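To start, the structure itself, in structure tokens.
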Amino acid sequence: MIQTTQHKTWIGLMATLLIILTMTHNIQGQEMGDVLIKNGTVITIEDGVKENTDVLIRDGKIEQIGEGISIRDIKTIDADGKYVMPGIIDAHSHLGLDAVNEATNPVTAEVWVGDALNPYDVGLYRALAGGVTTAHAMHGSANAIGGQCETIKHRWGEMNPERWRMKDAPRTIKFALGENPMRVHGERNNVAPRTRMGMEQEFRRSFAAAKEYKKEKLIASSNKNSQRPEYSLRLETLADILDGNVIIHCHSYRADEILMLMKVLEDYGVEDICFQHVNEGFKVAPELAEFGATASVFSDWWAYKFEVYYSTAYNATILTRNGVITSINSDSRELIRHLYHEAAKTQRYGDLTDNEALRLITINPAIQLGIEDRVGSIKIGKDGDIAIFENHPLSVYATPVYTIVDGVVRFNINEDPNDVRVDIDPKEKVPAFYESHIHDHELEGCMQGTELSTHSH
Amino acid sequence: MTIKHLKSVLFVLTFVTACIYEGNSQVDYDKYPKASNSYFIKDVYAYTNGEMSTSMTNIVIKDGFISEIGPRVKQPKGAIPLELDSMYVYPAFIDVLSHPLKSEEKKDRDDVKFPGLPSDLIAGITPDQSMTVKLKSEKVSLGKMRENGFGISQLAFDHGMLPGSTSIVLLADATDARGLTETTNQVLQFKGAGGVYPNTIIGVMAKFRDLYRNAEAYDSNQKAYSQSATGVSLPTSSQAIAALVPLTQGKETLYIRTKKKLNNYRAIQLKEELGFNAVLIDPVDITGIEQDLKDSRLPIVFSTTMAKEVKSPERVKDSTYSQLDLETLELKEKAFDAYMSRVNQVNRAIDLEIPVAFASLEKSGSDIKESMALMVENGMLESDAINALTMSPAKILGIEKLAGSIAKQKVASLMITDKPYFEEKSNIRTMIVGTEVHEYEAKAKDKKEGSSDIDPVGKWSFTLETPGGDDTGKIIIEPAGDQYTVTIYQDSDSDDQKVINDVDLEGSNMEFGFSVTEGSMSVNVEVTLEFLGENELEGNVKYGDFGTFPLMGDKTSAPE
């Protein structure tokens, strides 16, 4: 009798283990999952919309798209009557960062917000609940050349920040034009840059120094007797930009400054740039297109400081129609929860098609981050990053119901706990999710950590 | 320094220093022949091989070393007998890192013309500052740590990101009797320089990488120069960079004060990128990241106040269950579980075979017994607890051949108690550190539960470091029954004040909050204060989501 029981238990245990093994695979510590999404309306982005279609994700990758896919023993989601789209990508976020600005120097290319990742920030789960699977965690806009950024995947529940990095995503760096760096350094610290003219010189001076540094290193390495030159992580990084190894993401508003920076980059042979915010992008859309620059904009957010008054909700449309690869970003822990609404506004202002509007939050930001071969559309071989919606994602009634990252269901509206915190401080008096909703998203945008009051972005 | 060498040094020093101790806790030397450097301990229980002996034994100490141990060992000629009959002898505790010096005064940042390029001193980058040198030039009292059972400690500075090199010493009173090893180490703290570069965690990380790579370059240049100086210019570097060379060569270890769960990952990141030896100090809470820490293979050193730092959240009583909504109940249970998880974290680390130890940091180890008792009460083996305070730290510090257990040839670093250490109302009665013997009275009475020596009442002035510069203000603390009333002036010259009633003092900590309204915007301000003694406090001020800023204060007067 006892033996039988043990026997049964062993079989039961083995079965459990097998299920666990087939459901999730750990590749270098990163959890990869298997899931079959049945009978959804699949918005592929790059290959049309497919009704009643299944999507099979195995080992974290999209393996099959088609009708009537049948697999035994796999986690299955019934998407009948629901919309299946690629996970949303936000090209501008500051969520999950313990530090955003190293605001003490106008040029801090050496710093890297990847060092400050905080995967315990509940805002990240809320972004996930808005269908966002990938975000560009950025340095702030306090400095002309701020720090390097980090492309993260919203793998909520993973305690190790290392596992939030999107491995092999290209390096990116934050630049900033205009009022923010002028105020932080010029007004407050009484050092350059104080003016928009001074801004330009920060870039030129930095690139010139990096060129010189590269030269010195080359000489040193070719001469046996010479000493190793003084190491500078700042100049190393700037040299990497000159070598085309880092994509620039530049905080910008005014058209004149946008043109200025493109001229500087041209002079130094730098090509990869995405202008962020770029509220006056509509004025220089053809020039942006010609340079090959991309643009990541707000749908309709402006007038929070002087240089952001000349703006229009048609910005995304005008840029798109001029052939500029454009995305819509959040720069906010609130907007990131409904980027699909933000994208839909381009249909109200500008009549973009469904596909054009959805590209703004999927494949286009993927291109801007250099990860379009991995994410941004539902395509065989791409990462299993999916958002499933009740109602069309561009409808005002859209509700995200599942968010899947690498084939792992990270958000399920039916299993959405009251308290999602993964790191609980017993001393915390007010639980995080009761915390009064911060008064204004401006407080936590790209100027956080620079001063105690005033504007952001 | 070899043991033999150390012995001869100690031997000579014994004669010179035997009579110049201060304080009132030592042996009455007039009773004994002054020139003797041997002690005889008869009929005691000794903690060896992870347990307390069941039969009594004798120990002979000579020239600061244990020279004999065993039940048949006889009193050598001239050895001073110590009256410790039937007491319990433990290896004295080893403290992996302590900050015995009062924090240095803040450097004036107003002189910094360009915040992006402060001097190394203002940036908190002083790895060239030596504790060994400081100990020679300044009188540093270590008696308090010894009183709590510690015989050996690694002393370190505590300002800035790279405060200086450490010194591992015997906690003797006489400066010359402290020598133990020439090994020094470096300390890294994830501490911004307060408004100047590097100000944030991202700045500190980048700056460390930069300094480290430069130290490597300097080292390689020096090597090249020493091989052939012909046609090569003399390598140069800042003092700070030169001081990091031993770390890059693997001759020193970096003790990284993490203070925050995620900083443990940052420490590991740097270690894996740059490849130095490291130890994690004060990780605060390793819940949920234990396996990652194990995989990093770094030893973990907990704060001696670790378990005590958090007051146990009150568990919800059955009678009040019905009055609470499920959500609140769930939150309270979670807070309690999180607390228990902290209490048990050292034990979990031990189960994972992570080398663990303790550090007294700013606290002189005064909470060690209470902390350890709490852990033992919750399932830690006493032998694991003692190991984490003796052999394990000895190995982490690389002094296991010199200290960490009671054995022949080891340094006499012994704690002698009247009852087994973990038994209730046990007292440390004698501490032997090298050539010094310090005796203590049994404590008359236990202190009232939760009471503390700290009296926060009075007028305090404080400096708050914000990225926009330093702000100064004052705090007045007045007693109000068992609690306190706190009045905070955010600017010392203005009458703009906030009064907070019913503030509790928990140990030496105080927490309170208020909100500030400006226009349509209101910000919740949370203040945590820690009283470091009679006249000093430090803390943090959290301004909503703007950030958390460090605060430091001094008592200006008692209340008027």
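Over all residues in A:375-386, what is the mean tally of Cβ atoms on other chains that come within 10 Å of each residue's Cβ? Don't skip to the answer; put the middle values down first.
On the way: counts 0, 0, 0, 0, 0, 0, 0, 0, 0, 0, 0, 0.
Taking all residues of A:375-386 together, the mean is 0.
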- Item | For a label point 7 Å along the Cα-to-beta-carbon line of B:Q291, residues of the stretch A:414-429 with backbone N under 20 Å | A:421-424
- Query: Fully extended, how many nm does the chain gain between B:K251 and B:Q497 (0.36 nm per residue separation, minus their Cα-Cα distance)?
  - Reply: 83.3 nm
- Item | Dipole of the stretch B:323-462, positive direction: furthest Cα of B:A412, B:A373, B:T390, with charges on the beta-carbon | B:A412
- Kindly provide the trypsin sites (Lys or Arg not before Pro) of the stretch B:39-102 that DSSP labels as loop, not H, G, I, E or B, and whose Cβ sees at most 10 other Cβ atoms within 10 Å. B:R72, B:K77
- Message: Could you give each residue of the stretch A:348-353 its phi-based ³J(HN,Hα) in whole Hz, using Karplus coefficients 6.51, -1.76, 1.60 with θ = phi - 60°, and x for Gly or Pro?
- Response: 5, 9, x, 6, 5, 6
- Rounded to the nearest 20 debye, dipole of chain A from Cβ charges on Lys, Arg, Asp, Glu: 620 debye
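For a test of the definition: using alpha carbon positions, the gyration tensor, and the 1.5 limit on a/c, classify the stretch B:362-416 as rounded, prolate or oblate. Intermediate results must be reported in sequence, preceding the final value.
Numbers: a/c = 2.09, a/b = 1.71, b/c = 1.22.
Prolate shape, in that a/c is at least 1.5 and a/b is the bigger ratio.
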- Item | Spatial separation of Cα centroids for the stretch B:68-99 and the stretch A:356-411, in angstrom | 70 Å
- Charge dipole of the protein assembly as shown built from unit charges on the beta carbon (Lys, Arg +1; Asp, Glu -1), centred at mean Cα; most positive-end Cα among B:L101, B:S360, B:Q249 is B:Q249
- Query: So what is the relative contact order for the stretch B:458-557, in percent, with contacts set as C-alpha pairs under 8 Å and at least six apart?
  - Reply: 24 percent
- Query: Using +1 on the beta carbon of Lys and Arg, -1 on that of Asp and Glu, and nothing else charged, what's the dipole of the protein assembly as shown about the Cα centre, debye to 20?
  - Reply: 3340 debye
- Between B:T183 and B:E272, the FRET efficiency computed from the C-beta separation at R0 = 22 Å comes out, to the nearest 0.05, as 0.40
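So what's the back-of-envelope 222 nm ellipticity for the protein assembly as shown, counting only DSSP H runs of four-plus at -39500 (n - 2.57) apiece and dividing by all residues, rounded to 500?
Working: 27 runs with 267 residues, N = 1017.
Estimated from H runs of four or more residues: -7500 deg cm²/dmol.
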- Lys and Arg at +1, Asp and Glu at -1: neighbours of A:D54 with Cβ under 12 Å from its Cβ sum to -3
- Task: For an R0 of 51 angstrom, estimate the FRET efficiency from the Cβ-Cβ distance between A:R205 and B:E333 and round to the nearest 0.05.
- Result: 0.35
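For the stretch A:159-206, which trypsin sites (Lys or Arg not before Pro) are in a loop by DSSP, counting at most 16 other Cβ atoms within 10 Å?
Values: sites: A:R163, A:R165, A:K167, A:R171, A:K174, A:R183, A:R188, A:R194, A:R196, A:R204, A:R205; in loops: A:K167, A:R194.
Answer in residue order: A:K167, A:R194.
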- Task: Let me know the mean shielding of B:290-296 by other chains, meaning the per-residue number of their Cβ atoms within 10 Å of its Cβ.
- Result: 2
- Which three lengths, in whole Å and largest first, does chain A cover when its Cα atoms are put on their principal axes? 83, 60, 50
- Just counting partner chain Cβ atoms within 10 Å, what average do the residues of peptide A:159-168 show around their Cβ? 3
- Message: Output wanted: per-residue J couplings in Hz (rounded whole) for the stretch A:93-101, from phi through Karplus 6.51 cos²θ - 1.76 cosθ + 1.60, θ = phi - 60°, x for Gly and Pro.
- Response: 9, 10, 6, x, 10, 7, 8, 10, 10
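Only Lys, Arg, Asp and Glu count, each charged at its Cβ (+1, +1, -1, -1), so figure out the dipole size of the stretch A:85-220 about its Cα centre, rounded to 20 debye. The partial results should precede the final answer.
Details: 18 positive and 16 negative charges, 77 e Å.
Charge dipole of the stretch A:85-220: 360 debye, to the nearest 20.
Cβ under 11 Å from B:M510's Cβ, B:M510 left aside: what net charge do those residues give with Lys, Arg +1 and Asp, Glu -1? Please list the in-between numbers first.
On the way: positive: none; negative: B:D504, B:E506, B:E511, B:E530.
Spelling it out: positives minus negatives among the neighbours equals -4.
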- Item | Stokes-Einstein D in µm²/s, Kirkwood radius over Cα pairs - the stretch B:458-557 at 25 °C with 0.890 mPa s viscosity | 178 µm²/s
- Compute the longest continuous run of chain A that contains no exposed chymotrypsin sites (Phe, Trp or Tyr not before Pro); treat a site as exposed when its DSSP state is not H, G, I, E or B and it has at most 12 other Cβ atoms within 10 Å. A:1-308
- Item | Of A:S311, A:V284, A:H338, farthest towards positive along the dipole that unit charges on Lys, Arg, Asp, Glu beta carbons give the stretch A:273-345 | A:H338
- Message: From the phi angles alone, apply the Karplus equation (6.51, -1.76, 1.60; θ = phi - 60°) to the stretch A:417-423 and give each ³J(HN,Hα) in whole Hz, x where the residue is Gly or Pro.
- Response: x, 4, 10, 9, 3, 9, 10
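Using DSSP to define loop residues, name the trypsin sites (Lys or Arg not before Pro) in the stretch A:227-278 whose beta-carbon has at most 13 other beta-carbon atoms within 10 Å. Don't skip to the answer; put the middle values down first.
Values: sites: A:R234, A:R254, A:K263; in loops: A:R254.
Taking the stretch A:227-278 and a limit of 13 other Cβ atoms within 10 Å, no loop trypsin sites (Lys or Arg not before Pro) are found.
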- Query: What does the convex hull of the alpha-carbon atoms of the protein assembly as shown project to on average, in nm²?
  - Reply: 49.3 nm²
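Values quoted throughout were computed directly from the atomic coordinates according to the rules given, and no laboratory measurement underlies them. All figures in this text were calculated on a predicted structure; none of them were measured in a lab. Cβ: placed from backbone, ideal geometry, glycine included. Neighbour counts: every protein chain shown.
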